[in-house]
Amino acid sequence: MGSATQALFTAPEPADRGPRIRSGLWGLALALIVTFAWRLAILDRTEWAIESDEATIGLMAKHIARGESLPVWYYGQHYMGSLEAFTAAPFVALFGSEPAALKLSILPWVLLWIVSAWALARRVFGPSAAGFTALYLALPPLVLSIWSLKLRGGYVSMLGLGHLILLIAHRMGNPDPVPEAGGIQPSASALEPSVRRRAFLLGFASGVGIWLNLLVLPFLFAAAIYLLTRRKLWTSWTQLRAATLGGVLGTAPFWIDNLLSGGATFSQLLSSGEFDRWANLKRTLSVHFPVLLGAQPPWFDESSTRAWLGPIVWIFALALTFALIRWRSSLWRAATFSKLPTSGIELYLLTALGYLGCAVGTDFGGEPGPRYAVVLTVMIAPIFGAAIGTLWDTGSRQKFNRRWLAAGICLGLMGMNAAALLQSDQRKLVAPLHFVAADTIPPLHWDETHAFLEEHNVRGLAADLWVGMQIAFETDERVTPAPSRYAPHFERYATARPRAWLVRPQGGDAEWVLDRVRNLSECGVKSLERECDGYLVSLLLDEGLPSEHWRARSSNGEPAEIVFDRDPRSAWKTVEGEPPGQSITIDMRRPELVQSIGCIFGVEKRPGALRVELSADHLNWETAVEAAAKEVRWQASFPAQRARYIRLTQSTRTGRSWALAEVFLFGPDDAETEPRPESPPATDESQGTASQAQSDAPEPAADPLDPAQED
């Protein structure tokens with residue numbers, strides 16, 4: 001082996017750490033400058049725009065800052081802890097409901113990620129490798145550039161905590177030599193407090209990570225195996241107790257909420273469907289891994305595969321081979337549980353193996369997008385950094401100065417990553433991947449929509465997927481969204497007036513939703529249609545009789561109250577081939593004068609003919625109208641009649657299932673309406689109501705729409 005090659009594959013000498021550490025700090029400083037400059041450039045390119053899931057974190061932060069809520073989890077689910085929302089709360093309190101507040105609040109997590117990754121690489125490979133590792137993460141592949149600026153789901157915060165866990169584990173497994181004081185080496189008992197503190201911090205960071213995002217498990221797997229091979233923690237009851245205490249405190253929100261909710265987190269995690277384990281592994285290695293290397297974009301467009309796919313894969317393969325050979329003695333010591341110290345390279349490899357195990361054994365690998373696979377960057381970045389750093393360290397000793405080659409490789413990787421982002425549609429850099437996959441990319445900003453909603457003083461918005469959450473955040477919840485991840489929004493939306501529907505023009509569910517929201521006059525609803533930001537907005541000017549206190553029951557037991565939730569995407573559905581007689585009964589909670597009914601059915605899912613019956617007491621029914629339902633929007637009029645109950649029944653066989661999305665009831669235009677209570681009237685005869693006094697029909701002895709009662 002020649003001297004040049006031997007220099008590359010010989011482990012570095014540990015002497016003279018001072019100048020090496022100082023040079024490493026210069027590398028970190030440069031990396032931090034690039035980190036913030038690059039991310040500010042991305043924010044400028046995307047005009048500081050956010051997406052709907054980020055807006056959900058923003059709403060959580062706003063509620064925390066105002067003392068309205070202290071959520072444990074991401075709204076609408078019992079996993080992914082709310083830590084990012086708590087860190088964003090001061091920024092939202094200071095800057096208000098502005099996208100910039102959310103983007104700025106992610107930067108501390110980015111700082112933790114870069115610094116901890118640098119510190120770990122410095123301990124494992126040396127200061128030069130650490131500097132190049134931090135530079136690679138400062139201007140990373142496209143998927144990391146995007147996700148390091150998304151405050152949603154605990155991804156960049158998970159990477160920060162994960163690297164911190166590995167760093168603490170490394171310090172416990174391979175502690176720094178303690179300098180002698182006055183020629184006396186400190187005793188083990190004198191060092192015990194610092195050792196306990198590290199064990200406690202390891203447990204606490206691990207516990208917080210479990211609450212925040214279960215993708216931290218590969219990091220915990222690596223740290224546990226590493227400490228086991230180093231014979232640390234497990235051989236000291238003091239350290240084990242400290243780590244356990246830290247873990248209990250870190251996971252406290254997780255366990256308290258699950259005790260109160262009956263194990264809701266475990267129920268949600270165990271409810272995932274079946275998946276193909278080997279298909280997950282294949283997808284991780286053949287789809288996600290090239291994306292993480294920067295050779296493919298993170299969305300589902302095969303035509304966008306980068307020209308450098310082959311070269312970058314080969315470069316990484318060479319760098320990985322180099323690292324395995326150069327640090328082979330450390331890997332052997334770890335594998336044989338040797339008492340001799342190791343570099344710690346096994347931490348990176350074990351984390352990657354841990355994630356591959358998660359991808360095969362859980363549904364993490366079934367995600368089409370690469371967001372879960374970002375855990376693998378814990379290995380990719382330092383492997384590149386170690387190879388480039390070794391070239392840099394040995395370069396000046398050769399006739400050909402390898403430092404030029406090291407700098408060229410580093411700049412080439414960073415330039416490749418920058419070019420990938422600059423060539424991308426700026427909207428794709430912001431939109432959730434499922435929007436990109438469905439080719440329904442929303443606009444960066446909703447300026448026209450905001451102007452329309454403000455002009456007409458709209459208070460409720462049923463929007464596409466979770467777009468309404470973004471508009472709710474940006475309007476400081478002046479507009480209440482539906483559907484929503486935040487429980488109080490359901491009640492607020494029910495009473496919000498006026499309300500509007502926002503639907504995408506094409507792609508996704510647009511084919512069947514658009515037909516439900518257009519030409520609402522055909523079902524008796526007065527509306528105003530407008531195209532805003534490329535979406536269709538239908539403002540409901542007159543919804544008929546107020547429905548916020550109605551109740552309903554269906555003949556097949558399926559939830560029926562969605563037929564008046566004023567969200568065109570939800571619908572009550574029958575099963576294909578069901579016979580005539582399928583019905584829904586609506587209780588308006590008080591007698592009302594009813595003269596017409598309007599319905600919105602599913603596209604190609606209509607009942608054939610519908611019979612409408614009215615009743616004042618749920619005992620005596622009178623048919624108001626029976627007519628064919630040939631279109632998605634259907635309206636029928638009849639002589640005005642005072643009733644409390646309305647029953648809609650399929651009166652002909654269609655041979656197919658049918659769906660009922662919305663029901664509107666209307667009284668005479670010139671009818672005198674009675675004051676409506678803000679809450680449902682009491683049904684106790686001893687209390688009575690004004691409407692009961694005016695009704696000739698007695699109240700039923702039992703609630704006819706109670707599930708315990710039979711129709």
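The values are calculated or read from the model by the stated rules, or taken from the named source; none is laboratory data. In this text, all values refer to a predicted model and were calculated from it rather than measured experimentally. Quick reminder, even Gly has a Cβ in these numbers, built from the backbone with ideal geometry, and neighbours come from all protein chains shown. Surface accessibility is based on the protein's heavy atoms, side chains included, excluding ligands, DNA and RNA. Shrake-Rupley method; radii C 1.70, N 1.55, O 1.52, S 1.80 Å.
The listed peptides 343-349, 439-445, ordered by packing as a protection proxy, come out as 343-349, 439-445 (highest mean of other Cβ atoms within 10 Å first).
Taking a ≥ b ≥ c as the square roots of the eigenvalues of the Cα gyration tensor of region 309-422, is the shape rounded (a/c under 1.5), prolate (a/b larger than b/c) or oblate?
oblate
As a rough guide to protection, the peptides 487-497, 412-422 ranked by mean Cβ packing within 10 Å, highest first, stand as 412-422, 487-497. Rolling a 1.4 angstrom probe over the protein heavy atoms with all chains in place gives region 82-173 an accessible area of 20 Å² per residue. Under the simplified labelling scheme, the LEU245-LEU270 pair shows an inter-label distance of 3.3 nm, with each label point 7 Å from Cα along Cα→Cβ.
Pairs from the list LYS103/LYS428; LYS62/LYS103; LYS103/LYS282; LYS62/LYS428; LYS428/LYS605; LYS150/LYS282 with a Cα-Cα gap above 23 Å: LYS103/LYS282; LYS62/LYS428; LYS428/LYS605; LYS150/LYS282. For the pair GLU604 and LEU411, a Förster radius of 51 Å applied to the C-beta separation gives a FRET efficiency near 0.35, rounded to the nearest 0.05.
For the peptides 350-363, 143-156, residues were scored by their other Cβ atoms within 10 Å and the scores averaged per peptide; the highest-first order is 143-156, 350-363. Per-atom-type breakdown for region 463-576 gives carbon and sulfur 48% of the accessible area (1.4 Å probe, protein chains only). Computed with a 1.4 Å probe over protein heavy atoms only, the accessible surface of region 384-539 comes to 42 Å² per residue. Using the Karplus relation 6.51 cos²θ - 1.76 cosθ + 1.60 with θ = phi - 60°, the per-residue 3J(HN,Hα) values for region 156-161 come to 5, 5, 5, 5, x, 5 Hz, with x marking Gly and Pro.
Modelled spin-label separation between HIS456 and GLN77, with each label point placed 7 Å from Cα along the Cα-to-Cβ direction: 3.3 nm. Projected label points at THR336 and ALA279, each 7 Å from Cα along the beta carbon direction, are separated by 4.4 nanometres.
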